[in-house]
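Here is the structure we will look at.
The values are calculated or read from the model by the stated rules, or taken from the named source; none is laboratory data. Here the structure is a predicted model, which means the values were calculated and not measured. Cβ atoms come from the backbone with ideal geometry, glycine included; neighbour counts cover every protein chain shown.
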Amino acid sequence: MESDRQIVITGNWKMNKSTEETVAFVKGILPKIEAANALIYLAVPFTVIQPAVEATGGSKLVIGAQNMHDATDGAFTGEIAGGMLKDVGARFVILGHSERRHIFNESNSFINSKIKRALLDEIQPVLCIGETLEEHESGKIEEVLYTQLKESLEDITPEQLAKMIIAYEPVWAIGTDKTATPQHAQDTHRLCRDYLADKWGKEVADKIVMQYGGSVKPENAKSLLEQPDIDGLLVGKASLNLDFFSQIVNYR
Ligand code: PEP
């Protein structure tokens, strides 16, 4: 049974697609999302945010970024500020993706600082959390997820939290073809929602959109979205393919 929360399906392109490929994809997906009951987000590389936004032509496709820095400006060679993302039309930003945590050693406190900056910049933060295979197998799921939520969301008010999306992405499921079962994903989303209710209050916990991510494909999108606490999907590889992504957004 689905809840009455808005369904949000996000594509995360990672480090893929040229300007030409981006414009072709956006123009191709627009007619396919018209009838979708979900909001569709695309997290694209920095270099194609502006062409992607222009190609949406004011439709319901929302373009965002995959990362940002926590400072407004200054001597941070190679970094991007939230104000710069906003300037080119980005409306949301993925923060704390497992590739940022594990390849680029981003800590919960740095992610917390970026979330605060994104909120000040009026860019919607999409916070990713998730346990590694080792943590999963040693029964540390709760401990890991609660710590990620506690430290990444430190000093965030319930009003600010209500503006965010949280994505549960088990690291062992990302890019591995090993999707979590709908039951496991549901149970974990419930755990997280209960933790949010305990710390930030039931009102915001009942309202916040929680996405599942990790090897989502056209074949498993529906069974995941049928779970009561799964309000959306964060899709990596399958979002690069127009046909697969169209099938996912039209999962019904
Ligand atoms: C991701 O990178 O957020 C992701 C879920 O990737 P994939 O769908 O390829 O597992």
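Considering the range 1-48, and only residues there that are free of Cβ contacts under 8 Å to residues at least 60 places away in the same chain, assigned to a loop (DSSP other than H, G, I, E, B) and out of contact with any strand residue (DSSP E or B) (no Cβ under 8 Å at 6 or more places or on another chain), the residue that is nearest to the ligand (Cβ to nearest atom) turns out to be MET15.
Flag: ALA167 does not match the condition of being surrounded by 22 or more Cβ atoms within 10 Å (Cβ to Cβ), closer than 19 Å to GLY11 by Cα and modelled with pLDDT under 95. For the range 198-215, filtering for residues that are more than 9 Å from TYR168 (Cα to Cα) and outside any strand (DSSP E or B) leaves 12.
The single condition from (1) crowded, with 18+ Cβ neighbours inside 10 Å; (2) within 15 Å of the ligand (Cβ to nearest atom); (3) more than 16 Å from LYS163 (Cα to Cα) that LEU240 fails is (1). Taking the range 79-141 and the helices (runs of 4 or more DSSP H) fully enclosed by it, the elements with 3 or more residues that are touching a residue at least 60 places away in the same chain (Cβ under 8 Å) are at 98-103.
Is it the case that some residue within the range 196-210 is among the hydrophobic types (A, V, I, L, M, F, W, C) and closer than 19 Å to ALA221 by Cα? Please lay out each step first, then the result.
Taking the range 196-210 as the starting set, the residues that turn out to be among the hydrophobic types (A, V, I, L, M, F, W, C) are 196-197, 200, 204-205, 208-210.
With closer than 19 Å to ALA221 by Cα added as a condition, the list becomes 209-210.
Yes, because at least one residue in the range 196-210 is among the hydrophobic types (A, V, I, L, M, F, W, C) and closer than 19 Å to ALA221 by Cα.
The condition (being over 18 Å from the mean Cα position of the chain (by Cα), modelled with pLDDT of 95 or more and loosely packed, with under 13 Cβ neighbours inside 10 Å) is satisfied by just one residue among GLU122, GLU159: GLU159.
Listed by first and then second residue, the pairs linking a residue in the range 225-252 that is without any contact (Cβ under 8 Å) to a residue 60 or more places away in the chain and farther than 24 Å from THR188 by Cβ to a residue that is within 11 Å of the ligand (Cβ to nearest atom) and of a type in the set (Gly, Ala, Ser), with Cβ atoms under 7 Å apart and 6 or more places separating them unless they lie on different chains, are PHE244/ALA238.
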